[in-house]
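Just below is one structure, and these are the notes that go with it.
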Amino acid sequence: MSGLRMAGRLRSLAGALAAGAFMVAGLSGTAAYATEEAPRAAAPQLGIQFNADGDAGQCGGRTGEQWTASPDWTQAIRFDTDSRAGGCQLAFGVYDPDRTLAGASVSYSLRPSSGGDAGQCGNYQGTYAMPILPIQVFGQAVRLDTDGRPGWCDLTFTVTGNIVLDVQFYPDGDAGQCPDALPAGQYRSGFVGTPVTVKIDADGRAGGCQFQLRLRHF
């Protein structure tokens, strides 16, 4: 009987050890699972479309289409319109593949300055939505053709929701062509309740105006 009791105790001990090993393995598996990172959302991208419709020398820097992931700066585009033929077509969009910016909005408007010659600001003066979509698409193009005529064009960005739009606008020649511009590297920020306007008055004076955007979200 003592031998049978001893064998039973050994079998019980073996079972307990096996159960303990199973529990440790289960806990280890749970811990390993808990440390796995959840998939990160793809960063939204800010798009600029910038093309000449006449003398290409008036529309410099990064022409064509560009898409830049948040929170990096876009490549600079350059306004240098004057009395040469044509002007610059400009449009914007936001690529948001994972709907990170759901509920937010950005609009842009182009209007002549008070008392300025409206012919310098194209045929699509007004306010337009910057599309925020899971495809790369641009909003309505506006047109800049400033020259020696009076006044300039006001390009304004208005933001709602969980977005901040940073704007760099600085001269690389005669600063009078870029009224109220800041030095290169400094910027103004558009957020809820605080739009940002740049004043574009490029003409025959030396140099032009450099322009960059950065999209941030929170």
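Which peptide among 183-192, 161-170 comes first, and what is the full order, when sorted by highest mean count of other Cβ atoms within 10 Å?
For the peptides 183-192, 161-170, the packing ranking is 161-170, 183-192.
Can you list the HN-Hα couplings for region 66-80, worked out from phi with the Karplus curve (6.51, -1.76, 1.60; θ = phi - 60°), rounded to whole Hz and with x for Gly and Pro?
9, 10, 10, 6, 5, x, 7, 7, 5, 5, 5, 9, 9, 8, 8
Could you check the spin-label model distance between Asp180 and Arg216? Points 7 Å from the Cα along Cα→Cβ, value in nm.
Calculated label separation equals 2.1 nm.
Is region 44-128 best put as rounded, prolate or oblate by its Cα gyration tensor, with a ≥ b ≥ c the root eigenvalues, rounded for a/c under 1.5, and otherwise prolate when a/b is larger than b/c, oblate when not?
Cα axes put region 44-128 in the oblate bin.
Under the rule of at least 5 residues apart or a separate chain, name every residue whose amide H is placed under 5 Å from the amide H of Ala104.
Residues meeting the criterion, in which the H sits 1.01 Å from N, are Asn162.
Readers should treat all values here as calculations from the given coordinates under stated rules, not as data from a laboratory. Predicted, not measured: the structure shown is a model, and the values here were computed from it. No Cβ is skipped: glycine too gets one built from the backbone with ideal geometry, and neighbour counts run over all protein chains shown.
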